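Q: Okay, handing you the structure first.
The values are calculated or read from the model by the stated rules, or taken from the named source; none is laboratory data. In this text, all values refer to a predicted model and were calculated from it rather than measured experimentally. All Cβ positions, glycine included, derive from the backbone under ideal geometry; neighbour counts span all protein chains shown. We work out accessible area using only protein heavy atoms, side chains counted, and drop any ligands, DNA or RNA first. Shrake-Rupley method; radii C 1.70, N 1.55, O 1.52, S 1.80 Å.
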Amino acid sequence: MSSDPVTHSKDLDARPLKPANRTITTISRSEVPVSSCSRTPAVSEYMKEVLVWEGSDSKLCFEEVRVERHFCKLRERQDREKREIRTASLRVDSILGEGAFATVYRATDPVTSEKMILKVQKPANPWEFYINTCLDARLKPAHRHLFSSIHSAHLFRNGSVLLGELHNLGTLLNMVNIYRTLSERVVAQPLVLYFAVCILHTVEQLHAVHVVHADIKPDNFMLSQRFLENKCFDPESTEHGLVLNDLGQCIDLQMFPDGTAFTTTCLTSGFQCTEMLSGKPWSYQTDYFGIAGTCSVCCSGPSPHNAVSNQDGVWRTNAMFRRNPHSELWLEFFHTLLNIPDCRSLLSLRMLRGNLTDVLQKNYNNKLLPLKRRLVVLLLESHKASRR
């Protein structure tokens, strides 16, 4: 789980690629209607600047305005439908993960025995639930399971609690670490190719609905129950069982004019895309960088924070592929992801996925199932051991 608030200030740095005048808009409470369920001004949908309330030291970025308006609508709809809010108790079973701003627990409903996760955030972060509802509305139903789902959000003055679905087989990073304990030391190449195809397919669906994840890494790809059950390795299938998790850093590009790019720089070493390192505007490129980093870890294991370097103006991965049978393929793959000319020359993830699929089907079509069965056994044994 990333603790670096990558997107908190991105509205300050967002800029259209075409020159435009920037203004800070001061809004008077006497001039702008205030929603009955919030003190948030009902600002124009197209206002992208920081809002400063007169007579107050507080500042409200556009994203926060959008989220507050979203929750107002939910509360108003709840009032209209006269929904009865019931109380319920949950049993907390264990801690699944901890970050600087959130702790994730495994919990059980004692009445239904349903397993779920509780994500306790301090301070409150309604943004993740907002993105969750965006994906509910925009994604095709057949693609929704590719991303983590939050059942409900409970917001308080000093924090928030999200209730979501539990995926307890582990993550791609867990898989890599399991293989490091075996004699081969690295994940089998057919599996790496297969997971790379699945990752590209997943991110392709996210970008199609104008959402940037902004925190793609191997520990944010969960393995779900579908992974246990799936026997179809068709590259167009979405039943592979990978789930992209942790939507709290996502950027909703529908909030901005077409062609908007950003100049905010992530402060966490190893998570800065090449555009951030070069001082260039970026949009979807931060996810391309995350894909490259995730696939690099799957190929050769965790790498140091300086995972990329610039040689004569060309960005290269520092991962080693000397014993990899497809080293040329991977080097071209990483070169493509790391060297995007500009925000007008974005990638076709589908085409990139097709290149990997061709190699996968040509060389490993009959080897995936036994490798996957072995991986399932390893994951289940690891999960059992972790619960002792």
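Q: May I ask you to say which residue of LEU349, LEU337 is surrounded by 20 or more Cβ atoms within 10 Å (Cβ to Cβ) and touching a His at 6+ places or on another chain (Cβ under 8 Å)? Lay out the reasoning, then the answer.
A: Numbers: LEU337 fails: touching a His at 6+ places or on another chain (Cβ under 8 Å).
Step by step, each of LEU349, LEU337 is checked, and only LEU349 is surrounded by 20 or more Cβ atoms within 10 Å (Cβ to Cβ) and touching a His at 6+ places or on another chain (Cβ under 8 Å).
Q: Let me ask you something else. Anything in region 361-388 that is exposed (fewer than 14 other Cβ atoms within 10 Å of the Cβ) and outside any helix (DSSP H, G or I)? List them, or say none.
A: Taking region 361-388 as the starting set, the residues that turn out to be exposed (fewer than 14 other Cβ atoms within 10 Å of the Cβ) are 362, 365-366, 369-370, 373-374, 377, 380-381, 384-388.
ASN365, ASN366, ARG387, ARG388 - these are the residues of region 361-388 that are exposed (fewer than 14 other Cβ atoms within 10 Å of the Cβ) and outside any helix (DSSP H, G or I).
Q: Take the residues of region 164-182 that are at pLDDT 90 or above and assigned to a loop (DSSP other than H, G, I, E, B): which is farthest from VAL297 (Cα to Cα)? Break it down into steps so the answer makes sense when it comes.
A: Let us first name the residues in region 164-182 that are at pLDDT 90 or above, namely 164-167, 170-182.
If we keep only those that are assigned to a loop (DSSP other than H, G, I, E, B) as well, we get 165-167, 170, 181-182.
Working: GLU165: 26, LEU166: 24, HIS167: 21, GLY170: 16, THR181: 15, LEU182: 16 Å.
Within region 164-182, the match that is farthest from VAL297 (Cα to Cα) is GLU165.
Q: Please work out which residue is modelled with the highest pLDDT, limiting yourself to region 296-313 and to residues that are more than 15 Å from HIS335 (Cα to Cα) and part of a loop (DSSP other than H, G, I, E, B).
A: GLY301
Q: Shifting gears a bit: Mind checking which residues of region 99-113 are free of Cβ contacts under 8 Å to residues at least 60 places away in the same chain and either within 17 Å of the chain's Cα centre (by Cα) or surrounded by 14 or more Cβ atoms within 10 Å (Cβ to Cβ) (or both)?
A: Within region 99-113, the first condition is being free of Cβ contacts under 8 Å to residues at least 60 places away in the same chain, and the residues that meet it are 103, 105, 107-113.
Within region 99-113, THR103, TYR105, ALA107, THR108, ASP109 meet the criteria.
Q: Continuing with this model, one more query. Which residue, of SER152, SER160, is within 30 Å of SER89 (Cβ to Cβ) and open to solvent by 10 Å² or more (accessible area, probe 1.4 Å)? Walk me through how you get there before you give the answer.
A: Numbers: SER160 fails: open to solvent by 10 Å² or more (accessible area, probe 1.4 Å).
The unique qualifying residue is SER152.
Q: Inside region 314-345, can you point out the residues that are assigned to a loop (DSSP other than H, G, I, E, B) and touching a residue at least 60 places away in the same chain (Cβ under 8 Å)? Reasoning before the result, please.
A: Initially, region 314-345 is screened for residues assigned to a loop (DSSP other than H, G, I, E, B), giving 318-326, 339-345.
Selection gives ASN324, PRO325, HIS326, ASN339, ILE340, ASP342, CYS343, ARG344.
Q: Which residue is farthest from LEU173 (Cα to Cα), if the candidates are limited to region 277-295 and must be part of a helix (DSSP H, G or I) and open to solvent by less than 10 Å² (accessible area, probe 1.4 Å)? Explain how you work it out, then say what you get.
A: Narrowing region 277-295 to residues part of a helix (DSSP H, G or I): 277-278, 285-295.
Applying the additional criterion that residues be open to solvent by less than 10 Å² (accessible area, probe 1.4 Å) yields 285, 287-288, 290-292, 294-295.
Details: GLN285: 22, ASP287: 17, TYR288: 18, GLY290: 13, ILE291: 13, ALA292: 14, THR294: 9, CYS295: 11 Å.
Per the stated criteria, the residue is GLN285.
Q: Please pick out the residue among GLN205, GLN225 that is more than 16 Å from LEU371 (Cα to Cα) and modelled with pLDDT under 95.
A: Values: GLN205 fails: modelled with pLDDT under 95.
Answer to the selection: GLN225.
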